Structure formats: structure tokens, C-alpha cells
1. Using the Cα gyration tensor of the range 34-118, with a ≥ b ≥ c the square roots of its eigenvalues, what is the shape: rounded (a/c below 1.5), prolate (a/b larger than b/c) or oblate (neither)?
2. Which three extents, in angstrom, do the Cα atoms of the chain have along their principal axes, listed largest first?
3. Using only the Cα atoms, work out Rg/Rh for the range 43-182, with Rh taken as the Kirkwood radius, to two decimals.
4. Before I look further, what does the chain give for accessible area per residue, probe 1.4 Å, in whole square angstrom?
5. State which entries of LYS64/LYS120; LYS158/LYS191; LYS118/LYS158 exceed 19 angstrom in Cα-Cα distance in the structure shown.
6. Let me know the shape class of the range 131-242, please: from the alpha-carbon gyration tensor, a ≥ b ≥ c as square roots of the eigenvalues, rounded when a/c is under 1.5, otherwise prolate if a/b is greater than b/c, or oblate.
7. For the range 199-242, report the translational diffusion coefficient in µm²/s to the nearest whole number, using Stokes-Einstein at 20 °C, 1.002 mPa s, and a Kirkwood Rh over Cα pairs.
8. At 1.4 Å probe size, with the rest of the protein present, what percent of the exposed accessible area of the range 1-147 is carbon and sulfur atoms?
Amino acid sequence: MDLLLAIQNLNVSYGAVQALKGISLELNRGNIVAVLGSNGAGKTTLLKAISGLIPIRSGNVLLKGKNLATILPYQRIVYGISHVPEGRRVFATLTVDENLNLGGYGVRNQPMGKEMNKIKEWIFELFPILKERRRQLAGTLSGGEQQMLAIGRGLICKPQILLMDEPSLGLAPIIVQEIFRVIRQIHQEEKVSILLVEQNARKALSISNYAYILETGKIPVQGKPEDLKNDERIRAAYLGGN
Ligand code: ATP
């Protein structure tokens with residue numbers, strides 16, 4: 001197995017609140033790894049710590065063995081880590097095209113000219129609706145379309161690792177299907193490794209190679225999706241008992 005990302009004994013606090021309590025996890029190249037957990041478990045904090053958006057108190061974030069401690073957030077995209085944040089965060093007053101152009105803006109490896117057009121064509125193949133709406137302001141898109149745009153923007157720099165924070169949150173079931181179909185496609189066609197944070201445990205387990213359960217800042221359970229699906233406690237707590 002080719003270890004791409006390793007989190008070791010990570011501790012993160014917001015003042016007196018310790019959001020992550022010594023957690024460790026691994027993402028092998030070419031895998032989709034799910035992090036499941038309820039509200040406030042620390043899922044967003046984990047992704048922010050990996051992309052450098054919040055300081056860590058102790059522990060390591062290692063990319064192919066290299067410690068990222070001194071690497072600033074905007075530089076982490078150069079190292080191949082792209083973060084699709086929770087709640088979409090698209091620029092509402094800019095068009096779809098302009099939002100895509102801003103993916104990795106100012107970063108050394110931001111694609112330009114023909115290369116940029118090629119990547120955009122690929123993103124439009126993944127999400128044809130974005131092509132139709134490319135001149136439309138992002139703020140006028142539906143929630144699902146905004147999520148597609150946020151994912152597209154995260155792909156502009158051709159990342160090795162995509163950190164996805166609750167991509168299905170608040171979307172209609174049919175759109176959730178579409179988003180998960182595309183996550184699978186990104187993974188299969190472009191070999192992007194994905195760390196997927198989700199509350200939709202059933203869906204996340206259906207596409208992942210391995211999963212971690214995060215509960216109040218700790219990882220009490222981890223394993224292969226098929227094993228977790230057969231675990232009584234996991235079924236009761238995360239899969240609606242079915
Ligand atoms: P959600 O799905 O609701 O986003 P989550 O699993 O992503 O939940 P986090 O947002 O990482 O959880 O929050 C973990 C803990 O840290 C929670 O107890 C939360 O209240 C706390 N927390 C998060 N951000 C801050 C902050 N900026 N200041 C203080 N406490 C925070």
C-alpha cells in the first residue's frame with residue numbers, strides 16, 4: 001500500500017475546547033477514506049487541520065512522509081491537497097466561470113490558458129449543468145449546483161488529494177446521487193485520493209475503501225465498510241438501525 005497522507009496523534013483546541021483528541025488516520029494512494037460522525041464530532045476541524053486553516057496543538061500531518069507543519073495553507077495546494085469546504089462557499093457575485101478561474105488563484109501551479117481550458121472541459125463533462133450556467137452568477141445557482149461548482153473549483157489544480165466536507169449536506173436525494181456518482185468518477189478516472197467527511201454514513205460507506213468513526217474528537221472505531229456495516233453499534237448509531 002502506498003501511504004499518501006498520515007495523521008498522527010493530532011490534537012486541536014479552540015481555547016478550552018479540545019476538538020480533536022490525539023487522533024490518527026491514514027489515506028493510501030487511490031483510496032476513498034470516509035470520516036463519519038455526528039454534528040460537532042470534529043470532522044470539519046480535522047479537514048481544516050490538514051489544509052492548514054487552523055493551527056494544531058500537537059501531532060503530525062504527513063504527506064508522503066513530509067511534515068506539513070511549516071507549509072502555509074495556500075502552499076498546500078501546490079503539494080496537491082485541495083479542500084472543498086462545508087457549505088459550498090462559492091463567490092456569489094461572480095459567474096460560474098470566474099469561480100472556476102479562482103481555483104488555486106495565485107498559486108504557483110495554477111493552470112493557465114490551454115491547460116485551464118482542458119481542465120474546465122473535464123469539469124464540464126463531470127457536471128454538464130455548470131457548462132450551461134457558466135456565465136450565470138454563482139449566487140443564483142441551486143444548492144446542488146453550488147456544490148458542484150465548489151467541487152469543480154477544488155479540482156482546478158488537479159489535486160492528488162481532495163478533502164471533501166459534507167458534500168451532500170442539505171441536498172435533495174436525487175442531487176445527492178449525482179454528487180456521489182461524480183465523486184466515484186473523479187476517483188476512478190483521475191485517480192484522485194479522497195478524504196470524505198459525511199453525515200450520510202450509508203452513502204459514504206458505499207463508495208469508500210476504509211472508514212473512521214469520529215466521536216467527540218476521538219476515533220473509537222475504524223475498519224472496512226463491510227465490517228462497519230455489520231457492526232451492531234454502528235448500525236444503530238449511524239445507519240438508522242437497518
Ligand atoms: P458539523 O458537522 O456540525 O460541522 P463537525 O463534526 O464538523 O460538526 P467541528 O465543526 O469540527 O465538528 O467542531 C468540533 C468541536 O469544536 C465542536 O464542539 C465545536 O463546537 C467546536 N468548535 C468548532 N469551531 C470552533 C470555533 N471556531 N471556536 C470554538 N469552538 C469551535
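1. Numbers: a/c = 2.50, a/b = 1.39, b/c = 1.80.
Oblate shape, in that a/c is at least 1.5 and b/c is the bigger or equal ratio.
2. 47, 43, 37
3. Details: Rg = 15.2 Å, Rh = 15.6 Å.
With Rg and the Kirkwood Rh in hand, the quotient comes to 0.97.
4. Details: 11290 Å² over 242 residues.
For the chain, the per-residue accessible area is 47 Å².
5. On the way: LYS64/LYS120 28 Å; LYS158/LYS191 10 Å; LYS118/LYS158 11 Å.
The pairs that break the limit, which is 19 Å between Cα atoms, are LYS64/LYS120.
6. Details: a/c = 2.33, a/b = 1.75, b/c = 1.33.
Since a/c reaches 1.5 and a/b is larger than b/c, the shape of the range 131-242 is classed as prolate.
7. Values: Rh = 10.4 Å.
The Stokes-Einstein estimate is 205 µm²/s.
8. Numbers: 3740 of 7290 Å².
Ligands and nucleic acids excluded, carbon and sulfur reach 51 percent.
The values are calculated or read from the model by the stated rules, or taken from the named source; none is laboratory data. Since this is a predicted model, take the numbers as computed values, not measurements. In this analysis, Cβ positions are derived from the backbone assuming ideal geometry, glycine residues included, and neighbour counts consider all displayed protein chains. Calculation scope for accessible area: heavy atoms of the full protein, side chains included, ligands and nucleic acids excluded. Shrake-Rupley method; radii C 1.70, N 1.55, O 1.52, S 1.80 Å.
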